[in-house]
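The values are calculated or read from the model by the stated rules, or taken from the named source; none is laboratory data. Just so it is clear, the model here is predicted, and its values are computed rather than measured. We place every Cβ from the backbone using ideal geometry, glycine too, and count neighbours over all the protein chains shown. Ligands, DNA and RNA are stripped out before the accessible areas are found, and what is left, the full protein with its side chains, is counted by its heavy atoms. Shrake-Rupley method; radii C 1.70, N 1.55, O 1.52, S 1.80 Å.
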Amino acid sequence: MSWKRNIGLLIFVNISFWFFSVSPVHAISYYRTPPVLPENARTAEVSIWKDGFKDRVKWMTFEKNFVQGADLASGDVDGDGKDEMIVGSGPGRSPEVRIYSAVGIKKTQFNVFIPSFKGGVRVAVGDINGDGISEIVVAPGEGFEPLIYLYGGDGKRIKKDGVYAYNKEFKGGVHVVAADINRDDKAEIITSPGPGGGPHVRIFDGDLQNLGFDFFPLDANMRDGLSITALKTPAGTLLAVAPESWSAPNVRLYSFFGRPGYLWDIAAFPIDAKNGLVLSAFDEDGDGYDELVAAPNGGTVPEVRIFDWFGQMRGRYMLHDPNYRGALSFTELDADGDGRMELATVAAVPVVVGPLEKEKFIDVSIKEQRLYAYEHGRLVNNFLISSGTYKYPTPLVETRVKEKIPLKGYKWTYGVDHPDNYDLKNVKNNLRIFGSIYIHYAYWHRNFGHRMSHGCINVGLEDSTWIYNWADVGTDVRTRL
């Protein structure tokens with residue numbers, strides 16, 4: 001296909017552009033930082049790949065005992081003419097950004113958001129004001145208001161106030177990209193929501209003003225998160241978007257001629273895969289234009305695939321431990337000053353951490369005394385429970401929710417004046433899962449995290465209300481050691 005034909009196709013697609021209607025992103029009202037699973041636990045060691053991914057330079061960004069990864073971006077943020085590596089902390093620690101040289105020398109570090117927030121920091125880099133020096137865009141991971149801020153390479157906030165990328169109540173996390181999409185020689189800030197929000201792309205200028213280019217690249221009812229990146233191509237900057245989880249792993253490309261216009265889809269992985277995608281840009285062949293990088297968002301081996309912008313696969317690589325089942329974060333940078341880009345990778349906490357064959361799934365760990373709730377392969381909630389005692393253990397079964405009863409009494413007699421007799425009236429939020437075994441609220445104690453019951457699964461009021469409203473009759477349940 002010739003370049004002339006390609007550009008003609010772009011112009012035709014943009015003239016015939018269909019603009020998606022805009023509606024507010026729906027909020028996640030409940031979030032609790034989950035324990036990291038062993039198959040997803042990896043240090044935040046950066047690898048910078050060279051020579052066709054056969055050689056690499058690697059160095060540690062955070063302490064070795066921190067195993068929840070990081071988020072990467074790169075650019076010249078201090079005006080020295082060399083690319084720096086910007087690293088946002090993964091979940092589980094204070095919201096910190098660190099700046100490193102390309103050889104791993106730490107230049108500075110600073111905190112963003114409030115210190116008690118531990119949901120991770122997303123980062124992007126671009127020359128927002130057109131002065132030749134790049135700025136740093138920061139956004140929160142899951143569990144915090146969708147605020148984005150601008151920082152300089154010295155760690156100082158450029159504008160006192162940030163901007164809400166989406167409704168203030170939304171706490172599903174925000175992805176950010178910085179790229180010049182309107183050809184004004186300044187990078188715009190492009191955002192997309194994490195799981196729980198509709199696939200709502202928004203674009204802001206350097207004053208954090210919405211440019212009015214909002215659009216929905218996927219079905220507006222989808223709530224599985226939206227990965228996003230920007231590609232430099234001969235036809236200008238293109239946006240690539242893909243579902244973070246559950247939906248078919250297709251990458252959708254958009255161009256900008258006044259307004260965003262759909263181009264085509266790229267099938268990055270088999271159509272029945274539900275692991276979602278992480279996207280990035282990388283000028284693999286050194287021609288000054290980007291190729292597309294795509295990798296699964298957890299739940300499977302971390303295979304990295306590289307495509308040209310028409311969807312032709314150029315290579316597939318295993319750039320991490322094959323036993324790893326987490327995600328990766330990527331950035332391209334000129335690490336050695338030779339004018340060619342290298343790809344940098346680091347482990348990142350994935351979106352997909354649970355079973356993908358079940359729409360919803362409740363997993364109860366007796367050993368941990370904890371309930372995990374999964375939806376579309378994502379961990380959407382987890383909390384402490386009290387299972388049966390050793391004398392009256394909770395049965396270990398694979399079952400499902402049999403019925404939902406809003407208010408129920410529990411009564412059992414082991415004999416006259418037996419100390420284990422009970423008569424519990426008006427118990428809220430009852431999910432029957434196996435015989436006479438229920439998940440239910442327990443108003444008679446607050447000792448969750450310890451075995452307390454006669455076989456049922458005791459839950460606190462807030463948690464029992466959540467799981468009762470979330471679960472359906474037929475939702476799969478497993479109780480295990």
Report summary line: Any aspartates and glutamates whose Cα falls less than 18 Å from that of Lys168, other than same-chain ones fewer than 8 residues away, would be Glu142, Glu145, Asp214
Report summary line: Debye calc, one equal point scatterer per Cα of segment 305-385, no solvent, log10 I(q)/I(0) at q = 0.24 1/Å comes to -1.17
Query raised in the report: Where Rh denotes the Kirkwood radius from the mean inverse Cα pair distance, what is Rg over Rh for segment 227-295?
Result: 0.99
Query raised in the report: What do you get for Rg/Rh of segment 156-257 when both radii come from the Cα atoms and Rh is the Kirkwood radius?
Result: 0.96
Query raised in the report: If you take the square roots of the eigenvalues of the alpha-carbon gyration tensor of segment 101-197 and sort them as a ≥ b ≥ c, do you get rounded (a/c under 1.5), prolate (a/b over b/c) or oblate?
Result: oblate
Requested in this report: Per DSSP H run of at least 4 residues, take -39500 (n - 2.57); add these up for the chain, divide by its residues and hand me the 222 nm value, nearest 500 deg cm²/dmol.
Outcome: -1500 deg cm²/dmol
Query - Total charge dipole magnitude, the chain, about the Cα centre, Cβ charges on Lys, Arg, Asp, Glu only, Debye to nearest 20 - result: 2100
Query raised in the report: Based on the Kirkwood radius over alpha-carbon pairs, what is the Stokes-Einstein translational diffusion coefficient of the chain at 25 °C with 0.890 mPa s viscosity, in µm²/s?
Result: 103
Query raised in the report: Once you sort the root eigenvalues of the Cα gyration tensor of segment 199-350 as a ≥ b ≥ c, which label holds: rounded (a/c under 1.5), prolate (a/b larger than b/c) or oblate (the other case)?
Result: oblate
Query raised in the report: From the square roots a ≥ b ≥ c of the eigenvalues of the alpha-carbon gyration tensor of segment 32-124, which class results: rounded (a/c under 1.5), prolate (a/b over b/c), or oblate?
Result: oblate
Query raised in the report: If the viscosity is 1.306 mPa s and the temperature 10 °C, what translational diffusion coefficient in µm²/s does Stokes-Einstein give for segment 72-127 when Rh comes from Kirkwood over Cα pairs?
Result: 137
Query raised in the report: Considering only segment 346-481, what is the antiparallel percent among its DSSP beta bridges, to the nearest 5?
Result: 75
Query - Environment charge of Gly141, counting only residues whose C-beta is closer than 10 Å and scoring Lys/Arg +1, Asp/Glu -1 - result: +1
**Report entry** Calculated diffusion of segment 203-260, Stokes-Einstein form, Kirkwood radius summed over Cα pairs, 4 °C and 1.567 mPa s, µm²/s
**Finding:** 102
Query raised in the report: Can you flag which of Lys358/Lys428; Lys50/Lys106; Lys64/Lys156; Lys358/Lys402 are past 23 Å Cα-Cα?
Result: Lys358/Lys428; Lys64/Lys156
Query raised in the report: Nearest 20 debye, what's the magnitude of the dipole of segment 119-208 about its Cα centre given +1 on Lys and Arg Cβ and -1 on Asp and Glu Cβ?
Result: 320
Query raised in the report: So for segment 386-435, taking the charge dipole from beta-carbon charges (+1 Lys/Arg, -1 Asp/Glu), which of Pro393, Trp412, Leu431 sits furthest toward the positive end?
Result: Leu431
Report summary line: Among Ser255, Thr237, Val174, the residue whose Cα sits farthest towards the positive end of the charge dipole of segment 159-284, when +1 is placed on the Cβ of each Lys and Arg and -1 on the Cβ of each Asp and Glu, is Val174
Query - Solvent exposure, largest accessible area first (probe 1.4 Å, DNA, RNA and ligands not counted), of Asp224, Asp184, Asp207 - result: Asp207, Asp184, Asp224
Report task. Out of all DSSP beta bridges with both ends in the chain, state the antiparallel percent to the nearest 5. Result -> 90
